[in-house]
Amino acid sequence: MAKIVLDNIAHSYDPNASNPVFALKQMSLSWADGGRYALLGPSGCGKTTMLNIMSGLVTPSHGKVFFDQSEVTRMITEERNIAQVFQFPVIYGTMTVYENLAFPLKCRQFPEDQIDKKVKEVSEILNLHNFLDNRAKGLTADQKQLISLGRGLVREDVAAILMDEPLTVIDPDLKFRLRRKLKEINDKYKTTLIYVTHDQNEAMTFADNIIVMDQGEVVQAGSPKDLFERPQTTFVGYFIGSPAMNLYECSATSENQISIGSNSFKVHTNINNTDSKDLKLGIRSEYITVESKLSDNSLEADIIEVEDFGNYKLITASFDSVKIKAKVKRELDIPSEKVILKLPAEHCCIYEDNKLI
Amino acid sequence: MNFKHKYVFLLPGLIVLIGILIFPIIFTVRLSLSGWNSFNPGLDFIGFKNYVRLFTDDPRFWQSFFRLSFLAITTVFLQYIIGFALAHMVWKDIKFKRFFRVLFLIPMMTTPVIMTVIWRTFFHESLGPLNDFLSIFGVQPPWLSSPSLAKVSIIVVEVWQWTSFMFLLMLAGLLSLPKEPFLAAAVDGASPFKKFIYVTFPLMAPISIGAIIIRLIEASKIMDTVFVLTSGGPGTSTETSSFFIFIKGLREFQMGYAATASFTYLIIMIISLTIIVKVLTKVLMRE
């Protein structure tokens, strides 16, 4: 196990082009030993490139990669102590489950008794112990994916297990179980787990630290709570959470006050030093409340629709020609035409040029 | 849905199918029950006399069949090994990859009969360049007049001509393989040899079976190479089933008997290829 450091990493798949396009823009990141990370972002944002740089499947065009103190930038995958689980289960179809799990150790010429002990231990954790003599080819998709994961776990000295959207092919209920299993593995072995996904729910429920990427850049790194409550950019606000954060163009009217059309709102952000024309107010629909009468920070909106999601209701309404979404308790009685919504000042985020002030 | 006119729409296709596929087979079966020859042309009915003759009194047919089996299996096996190796070579990023890919396809683009004539000249015992070269070492093998060397010559020509086809199929297969298994094997620390044994070869198994069967079907019809290179000789040592049928039907004009041999050969081939597919599936795909 090791601390992984990406030092001024950048990558272009065609670095010699006159105007190279960077799949990964220059950045430095470090991954603590034993951490549980999620790399989150839309398709094509550079998540897999970053993962492949760590595993050695891609050599970065710029910067260096360190495992603890040693530089591994140009080291080939076989020489790095890294395990990787891919989107689709990769098994050796001609081998049994036992042989599949033993394969990475056999390739590294471990003694037979050590291989046997480790394979049996890992198969117990992954509930594969009853299938050890079965041909891997005949197993279900999730069992196959467990084998892929198991091949990473049998190697004790592995620096990190990198997972590239590993639960895509798995049924939703199994996904939940597997994520829990991954957490258990992380708790037990203290193996660094880096999990790539474009599904925010997966990232939020799995990781201690989430790195959100967009267009080859890290836009925010932090805990699920940070990402939800204080998104550093409007992109994170929009990308994290369901529904996405309510975002409105606004203008500063005083030190702690902004206006959206004819409505004024108090905020806890000092916006005195702001001279940008691009100012936005962001608020999560979870923090908007329904009130019976107008007060500070409230507005009257016309209801467009109310959707019942079983455990909550989602109100879609409009004011000053903009839409607002509020997530409220299911049992709440909602008027049919107009509703008074309150935007609590402590949950209002102000963005200048799409960045949180 | 009761759509009575559907047969009307199917009719054109069915007529073509009956005309080009089913009619010739039925006609061959009928012909095989006749004694049609140059003295007695016509579809008379002699029962199973031809079949009795073929099964009890014609070792030449069976010899030609076993010879054909040997030639077909040997040539296809060699084509598979060489074709796969060449495809594997140009699959990777090597210099002049495109040049080699085209180069390896050239034999398939040439006309078999013409190339066999060139090979016959090449193998010619007194005038051919091969023996010219070998005479430096004091040997001049009788390539086309020794029964065993004549078979070797046919194998060489067939392998040269058709390895390209195998190469093409295997290369197409390799290019269509997913990347992840290879990346996973790299992560697992597999050596190039282990990658081939545990990743490339199993992934290529379905394509290999398809390619081998296509080539076996083609190779079992081997005719032009034998005709031009050895004419079945010396003696009957390179005579194959199709060449035997050609001799019986178009040289000796024993049409009824040639039809019997053709139909018997067809049935044996269907049974053999079915068994071969099952065996290959079991061996290559380990099912």
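The values are calculated or read from the model by the stated rules, or taken from the named source; none is laboratory data. As the structure is a prediction and not an experimental result, all values here were calculated from the model. Positions of Cβ are backbone-derived with ideal geometry, glycine not excepted, and every protein chain shown enters the neighbour counts.
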Item checked: Count - residues of the range B:53-74 that are surrounded by 20 or more Cβ atoms within 10 Å (Cβ to Cβ) and either charged (D, E, K, R) or farther than 19 Å from B:Thr236 by Cβ (or both) -> 1
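Within the range A:75-85, does at least one residue satisfy the condition of being more than 30 Å from A:Val169 (Cα to Cα) and in the same structural domain as A:His11 (by TED's automatic domain parsing)? Give the derivation first.
So in the range A:75-85, the residues more than 30 Å from A:Val169 (Cα to Cα) come out as A:75.
With in the same structural domain as A:His11 (by TED's automatic domain parsing) added as a condition, the list becomes A:75.
Taking every residue of the range A:75-85 in turn, at least one turns out to be more than 30 Å from A:Val169 (Cα to Cα) and in the same structural domain as A:His11 (by TED's automatic domain parsing).
Which fully enclosed strands (runs of 3 or more DSSP E) of the range A:1-112 have 2 or more residues being hydrophobic (A, V, I, L, M, F, W, C) and within 22 Å of the chain's Cα centre (by Cα)?
Answer list for the range A:1-112: A:4-12, A:22-31, A:36-40, A:82-85.
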Next item on the list: Kindly list the number of the only condition in (1) crowded, with 23+ Cβ neighbours inside 10 Å; (2) within 11 Å of chain B (Cβ to nearest Cβ); (3) under 30 Å from A:Asn8 (Cβ atoms) that fails for A:Thr77.
Entry: (1)
Check: When you go through (1) in a helix (DSSP H, G or I); (2) within 14 Å of chain B (Cβ to nearest Cβ); (3) under 20 Å from A:Leu105 (Cα atoms) one by one for A:Val158, which number turns out not to apply?
Finding: (1)
Notebook entry, point to check: B:Ser231 fails exactly one of the following numbered conditions: (1) in contact with a helix residue (DSSP H, G or I) (Cβ under 6 Å, 6 or more places away or on another chain); (2) surrounded by fewer than 18 Cβ atoms within 10 Å (Cβ to Cβ). What is the number of that condition?
Noted result: (1)
Item checked: Selection count, the range B:31-52, where residues are over 15 Å from B:Gly249 (Cβ atoms) and either part of a helix (DSSP H, G or I) or acidic (Asp, Glu) (or both) -> 4
Margin query: Can you find a residue that is crowded, with 23+ Cβ neighbours inside 10 Å, in the same structural domain as A:Gly34 (by TED's automatic domain parsing), under 28 Å from B:Met285 (Cα atoms) and modelled with pLDDT of 85 or more anywhere in the range A:104-113?
Written below: yes
Next item on the list: Report, by residue number, each residue of the range B:188-198 that is surrounded by 14 or more Cβ atoms within 10 Å (Cβ to Cβ) and more than 7 Å from chain A (Cβ to nearest Cβ).
Entry: B:Lys195, B:Phe196, B:Ile197
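Within the range B:196-226, can you find the residues that are assigned to a loop (DSSP other than H, G, I, E, B) and either touching a residue at least 24 places away in the same chain (Cβ under 8 Å) or closer than 16 Å to B:Ile82 by Cα (or both)? Step through it out loud before you land on a result.
Step one: of the range B:196-226, the residues assigned to a loop (DSSP other than H, G, I, E, B) are B:220-223.
Those that are assigned to a loop (DSSP other than H, G, I, E, B) and either touching a residue at least 24 places away in the same chain (Cβ under 8 Å) or closer than 16 Å to B:Ile82 by Cα (or both): B:Ser220, B:Ile222.
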Checklist line | Some residue of the range A:115-130 being in contact with a helix residue (DSSP H, G or I) (Cβ under 8 Å, 6 or more places away or on another chain), hydroxyl-bearing (Ser, Thr, Tyr) and within 13 Å of chain B (Cβ to nearest Cβ) | finding: no
Note to self: Cβ-Cβ distance below 9 Å, separation of 6 or more or different chains: which pairs start in the range B:266-287 with a residue that is within 14 Å of chain A (Cβ to nearest Cβ) and in a helix (DSSP H, G or I) and end on one that is hydroxyl-bearing (Ser, Thr, Tyr) and surrounded by 12 or more Cβ atoms within 10 Å (Cβ to Cβ)?
What the structure shows: B:Leu284/B:Ser208
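Conditions tested, residue by residue: (1) surrounded by 17 or more Cβ atoms within 10 Å (Cβ to Cβ); (2) among the charged types (D, E, K, R).
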| site | (1), (2) |
| --- | --- |
| A:Gln145 | yes, no |
| A:Leu153 | yes, no |
| A:Val158 | yes, no |
| A:Pro166 | yes, no |
| A:Asp173 | no, yes |
| A:Phe176 | no, no |
| A:Arg179 | yes, yes |
| A:Lys183 | no, yes |
Margin query: Looking at the range B:86-100, I want the residues that are under 15 Å from B:Lys195 (Cβ atoms) and have a partner that is at pLDDT 85 or above and not in a loop (DSSP other than H, G, I, E, B) with Cβ atoms under 7 Å, at least 6 apart or on another chain. Which pairs are those?
Written below: B:His88/B:Leu174; B:Trp91/B:Leu171; B:Trp91/B:Leu174; B:Trp91/B:Leu175
